[in-house]
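Student: Mind having a look at this structure? Questions to follow.
The values are calculated or read from the model by the stated rules, or taken from the named source; none is laboratory data. The structure presented is a predicted model; accordingly, all values stated were derived computationally and were not measured. Cβ coordinates were reconstructed from backbone atoms using ideal geometry, including for glycine residues, and neighbour counts include every protein chain displayed. For accessibility, only protein heavy atoms count, side chains too; no ligands or nucleic acids. Shrake-Rupley method; radii C 1.70, N 1.55, O 1.52, S 1.80 Å.
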Amino acid sequence: MSITALPRRIGRVAFRCDASLTLGSGHVMRCLTLAQALQAEGSDCHFLCRGEPGHLLDQIRAAGFTAHELPASEAFSQEQDAAACRSALDALRPDWLIADHYALAAEWESALRGSGRHLLVIDDLADRAHVADLLLDQNLGRQTSDYASLLPATCRVLAGPHYALLRDEFATARTRSLRHRQVPALRHILISFGGADAHNLSGAVLRALQGSRLPTDCRITVILGAANPWQQETRGLAVQMPWATEVKINVADMARHLASADLVIGAAGGSAWERCCLGVPSVLLIQAENQRAGTQALLEAGAALFAERPEDLAAGLAQLAPPRLSTLSASAAAICDGLGAQRVVRTMKELS
């Protein structure tokens, strides 16, 4: 009889990520998801974040984690950021240091390599070198080979939506949501562009929909983040809509809202994997150029539609017959099952 040792428990984990009106909230939100999965396994999780306008330090603390505020800085450099993090990390001595930040790469990682036993990098771009033990890129179409020249030979890569960092609520709601789509119809449209929506796409979409030919009994829900600066304007637009339109701020039960939606108009960031898990058809608009590749991958998989501009929505929605909604839903649901965070934690334990 052979005996296999169980993976060790991960004691302390430190996350380096930021949210702001410019960056949005996606990096922090997916790190919070991973922190919750680690906490469920007994880990002690800490966050190091800059106090930029639109930060989520209070939300991190409300979720039960320690948040260390780093000073805001107009001149961001990897060297300065590493220096700002060093004292906190030297005190924490984490088992794992997790970096989720487009402005950080091998220079920052090398400077802090001794501050944690292991390093996990969360990336989407495959455009810079890292010195990690583990790299996660949860994007559709991403291949391990995309990082071949950017990582040490010993680094393990987790690639694709199989590892998408989603909260437990999405896997729990998956069956109910897919059942809702067995009789497809356009009765409920949800609009969501993340925490900040810096370009106010939510408002632009509402204006564009005013001229569309939606069913008279259709209803619309707009979900905004707490840091969204357009809340009052969006509420004003909502009361002018020909259909019942509700604006909700910083919802805590996104899976429930998505599960009841027949279509989502949003962006191809991390929230795209939430919609895929629940099989929700989507129409995508691009908020930033780094979302273009992800948008294209979802289009090629038949899991979403694309609108170049909000003004293009009215014509596109008029062509959304029930069979098309059903096809989009099935293609989306095949991409992601909502168990990615557990898979990432399992891999971290194996490497510890």
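Student: Working only within region 194-207, note down all residues that are open to solvent by less than 20 Å² (accessible area, probe 1.4 Å), among the small types (Gly, Ala, Ser) and assigned to a helix (DSSP H, G or I).
Tutor: SER202, GLY203
Student: If I filter region 185-193 for residues that are within 22 Å of the chain's Cα centre (by Cα) and part of a loop (DSSP other than H, G, I, E, B), do I get at least one hit?
Tutor: Of the residues in region 185-193, the ones within 22 Å of the chain's Cα centre (by Cα) are 189-193.
Next, only the ones that are part of a loop (DSSP other than H, G, I, E, B) stay: 193.
There is at least one residue in region 185-193 that is within 22 Å of the chain's Cα centre (by Cα) and part of a loop (DSSP other than H, G, I, E, B).
Student: Take the residues of region 23-48 that are assigned to a helix (DSSP H, G or I) and open to solvent by 60 Å² or more (accessible area, probe 1.4 Å): which is nearest to GLU169 (Cα to Cα)?
Tutor: Checking each candidate, the answer is GLN36.
Student: One residue is enough: does region 64-77 have a residue meeting the conditions at pLDDT 95 or above, surrounded by fewer than 20 Cβ atoms within 10 Å (Cβ to Cβ) and among the charged types (D, E, K, R)?
Tutor: yes
Student: I would also like to ask the following. Of everything in region 121-133 that's within 19 Å of the chain's Cα centre (by Cα) and among the aliphatic types (A, V, I, L, M), which residue is most open to solvent (accessible area, probe 1.4 Å)?
Tutor: Checked region 121-133; the qualifying residue most open to solvent (accessible area, probe 1.4 Å) is LEU125.
Student: Right, here's the next one. Find the residue count for region 285-304, including only residues that are touching a strand residue (DSSP E or B) at 6+ places or on another chain (Cβ under 6 Å) and at pLDDT 95 or above. Step through it out loud before you land on a result.
Tutor: Looking only at region 285-304, we keep the residues that are touching a strand residue (DSSP E or B) at 6+ places or on another chain (Cβ under 6 Å), and these are 295, 299, 304.
This time we only want the ones that are at pLDDT 95 or above, so: 299, 304.
Qualifying residue count for the region: 2.
Student: Quick check on this structure: which one of ARG207, ARG181, ARG213 is among the basic types (Lys, Arg) and closer than 20 Å to GLY236 by Cα? Lay out the reasoning, then the answer.
Tutor: Details: ARG181 fails: closer than 20 Å to GLY236 by Cα; ARG213 fails: closer than 20 Å to GLY236 by Cα.
The unique qualifying residue is ARG207.
Student: Confirm whether MET29 is over 22 Å from MET348 (Cβ atoms) and modelled with pLDDT under 95. Steps first, please.
Tutor: On the way: over 22 Å from MET348 (Cβ atoms): no; modelled with pLDDT under 95: yes.
Taking the combined requirement at face value, the residue does not satisfy it.
Student: Still on this structure: For region 238-279, which residues satisfy the criterion of being closer than 21 Å to ALA208 by Cα and of a type in the set (Asp, Glu)?
Tutor: GLU246, ASP262
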